[in-house]
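Asks: Please read through the structure below; I'll follow up with questions.
No value in this document is a laboratory result; all are computed from the given coordinates. All of these numbers come straight from a predicted model, not from anything done at the bench. Cβ sites come from the backbone with ideal geometry, for glycine too, and all protein chains shown count toward neighbours.
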Amino acid sequence: MMDNSPVSALKAQIDAAHRILLTSHIRPDGDAVGSLLGLGLALQDIGKEVNLVLEDGVPVIFRHLPGSEEIYKKPIGVYDLTIALDCSDISRVGNVLDEHGQADINIDHHPTNTYFGRLNFVDTKAVATAEIIVDLMSAFDIPLTKNIAASLLTGIIMDSLGFRTSNMTPKALRTAATLHETGVDLPGLYHKVLLQHSYEAIRYWGKGLSNIEREGRLIWTTLSLEDRREIGYPGRDDADLVNVLSSVEDIDICVILVEQSDGTVKVSWRAQPGFDVSGVAMQFDGGGHKPAAGATIPGHLDHVTRDVLEATRKLL
C-alpha cells in the first residue's frame, strides 16, 4: 500500500507538466531501461510529451523492447519536469541533467539513495524501480498495456536475477503476475535478458575467468581495456560475468573490476545473505543494495584493485 501523500504530490507535478524529461543511470541495466520505457510509454498514453534519455544509449539486449528506438543520448529542448529513475545519486545520470539542474522527481529503490530530487519517491522494499512504476500507474489509474508491461517486467526480471535475489517478496511476484496477464511473453523475456549472450560476451567471460583469484571466501577478477580490445566486446560492462562469479560455492563475496577508457574502473560486488557490500561501495562514492553494489573509481586498474580488496577484506 502506497502512502497517498507523496503519490498525490507526484501526480500533481505530472498533471501540471506538458513536456517531461525522463532519464536513468549510465551503463543502464534492465531496470533502468525497463523503468524508463514503462513510465515513458505510460505518460505518452495520458497525453504527455516525453523525451527519454540515457547517456550511454540502449544496450543491444534491450533493443527488442517496444519504444526503445525513442531513447536518445542527449536531451532535446526544454522541459516542465525532469524525472530520474533507478539512480541512487545524481551523479549516476551522467551529464544528462547538466542544463536542467537538480532532478524534479527522484524515483528509486536503492537503500543508498541520497534523496537528491526536489520530490523523492524511494521505496527500498521494492525489488526493482519497475515495481514502483507499476504501483504508481495503478494509483494514477493508467492502464497497463502489453508494451508497457514488457518493459516493466524486464526490469523486475533483471534486478531480481529471475526472481531469485534475497530481497524477493510475494508482492513482487504478484506484480510480475499482473504484468504477465497482459499477454507478455515471460519465457521469451527471461531468455533474452538473462540466458542469451553474444559470442563476444562469452569470450570476454573467458578472459575474466582466466584472471580469477581466491582468498578464503572472497573471489575476484579483473577485465582490462586490452582484454576488451582483444575480444572485440563492444560494451563497457562485465557482460554479466559478476553473476557467474556469485554462483561459486563456498564464497561469501565476489568482486569484478572492469577498466574503463576514461581512467576509471567499474567495480561490482555480490554477496551472500549476512553481508552488506553497499557499505563498501559507498566508501568509493558508489551504492546499491546489501547483496549487490557497485562503484566507478578513478585510478589505475592495479591500484583500484588493491584498494577495493583491502576494503572488502575488512567486511569479511
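Asks: Taking R0 as 30 Å, what's the FRET efficiency between GLU181 and ARG118 from their Cβ-Cβ distance, rounded to 0.05? Show your work: numbers first, answer last.
Replies: Numbers: r = 35 Å, r/R0 = 1.17.
The value I calculate is 0.30.
Asks: May I ask you to list the GluC sites (Glu not before Pro) in region 231-313 that are in a DSSP loop and have at most 10 other Cβ atoms within 10 Å of their Cβ?
Replies: Passing both the DSSP loop test and the Cβ count: GLU249.
Asks: Loop-only check: which chymotrypsin sites (Phe, Trp or Tyr not before Pro) in region 103-155 are DSSP coil with at most 13 other Cβ within 10 angstrom? The partial results should precede the final answer.
Replies: Details: sites: TYR115, PHE116, PHE121, PHE140; in loops: TYR115, PHE116, PHE140.
In loop regions of region 103-155 (DSSP not H, G, I, E or B), the sparsely surrounded chymotrypsin sites (Phe, Trp or Tyr not before Pro) are TYR115.
Asks: Right, here's the next one. Each label point is 7 Å from the Cα along the Cα-to-Cβ direction; what then is the distance between the points at VAL78 and SER224, in nm?
Replies: Calculated label separation equals 5.0 nm.
Asks: Compute the relative contact order of region 4-194 as a whole-number percentage, counting only Cα pairs closer than 8 Å that sit 6 or more residues apart in sequence. It would help to have the intermediate numbers written out before the result.
Replies: Numbers: 377 pairs, mean separation 43.9, N = 191.
RCO, region 4-194: 23 percent.
Asks: Contour minus end-to-end for SER198 and GLU49, with contour as 0.36 nm per residue of separation and end-to-end as the Cα-Cα distance? Please report the intermediate quantities before stating the final value.
Replies: Numbers: separation 149, 0.36 × 149 = 53.64 nm, distance 3.52 nm.
Working it through step by step, the gained length comes to 50.1 nm.
Asks: Let me know the charge dipole size of the chain about its Cα centre in debye, to the nearest 20, where only the beta-carbon of Lys, Arg (+1) and Asp, Glu (-1) is charged.
Replies: 340 debye
Asks: Two decimals is fine: what's Rg over Rh for region 105-229, C-alpha atoms, Kirkwood radius as Rh?
Replies: Taking Rg over the Kirkwood Rh, I get 1.07.
Asks: Right, next: Once you sort the root eigenvalues of the Cα gyration tensor of region 103-151 as a ≥ b ≥ c, which label holds: rounded (a/c under 1.5), prolate (a/b larger than b/c) or oblate (the other case)?
Replies: On the way: a/c = 2.48, a/b = 1.74, b/c = 1.43.
The shape class here is prolate.
Asks: Between the helical axis of 199-210 and the dominant principal axis of the chain, each derived from Cα atoms, what acute angle in degrees is found, rounded to the nearest 10?
Replies: That works out to roughly 40 degrees.
Asks: According to the square roots a ≥ b ≥ c of the eigenvalues of the Cα gyration tensor, what is the shape class of region 170-299, taking rounded for a/c under 1.5, prolate for a/b larger than b/c otherwise, and oblate for the remainder? Show your work: numbers first, answer last.
Replies: On the way: a/c = 1.79, a/b = 1.29, b/c = 1.38.
It comes out oblate by the Cα gyration axes.
Asks: Roughly how tilted is helix 170-180, in degrees to the nearest 10 and between 0 and 90, from the longest Cα axis of the chain?
Replies: 70 degrees
Asks: Using helices alone, what [θ] at 222 nm do you get for the chain, with -39,500 (n - 2.57) per DSSP H run of 4 or more residues, divided over all residues and rounded to the nearest 500? Please report the intermediate quantities before stating the final value.
Replies: On the way: 11 runs with 116 residues, N = 316.
Computed mean residue ellipticity for the chain: -11000 deg cm²/dmol.
Asks: Shape call for region 34-151 from the C-alpha gyration tensor, a ≥ b ≥ c root eigenvalues: rounded (a/c under 1.5), prolate (a/b greater than b/c) or oblate?
Replies: Details: a/c = 1.35, a/b = 1.09, b/c = 1.24.
The shape class here is rounded.
Asks: Next question. Given the options ASP252, ASP45, ASP262, state which has the largest fluctuation in a GNM of the chain using a 10 Å cut-off (strictly under) for Cα springs.
Replies: Top of the fluctuation ranking is ASP262.
Asks: To test your reading of the geometry: what angle, between 0 and 90 degrees and rounded to tens, separates the Cα axis of helix 30-45 from the longest principal axis of the chain?
Replies: Roughly 10 degrees between the two axes.
Asks: Taking 8 Å as the Cα distance limit and 6 or more residues as the minimum spacing, I'd like the relative contact order of region 215-316 as a percentage.
Replies: Numbers: 184 pairs, mean separation 23.1, N = 102.
Relative contact order of region 215-316: 23 percent.
Asks: Under a plain spin-label model, where a point goes 7 Å from the Cα along Cα-to-Cβ, how far apart in nm are LYS146 and SER210?
Replies: In this crude spin-label approximation the distance works out to 4.6 nm.
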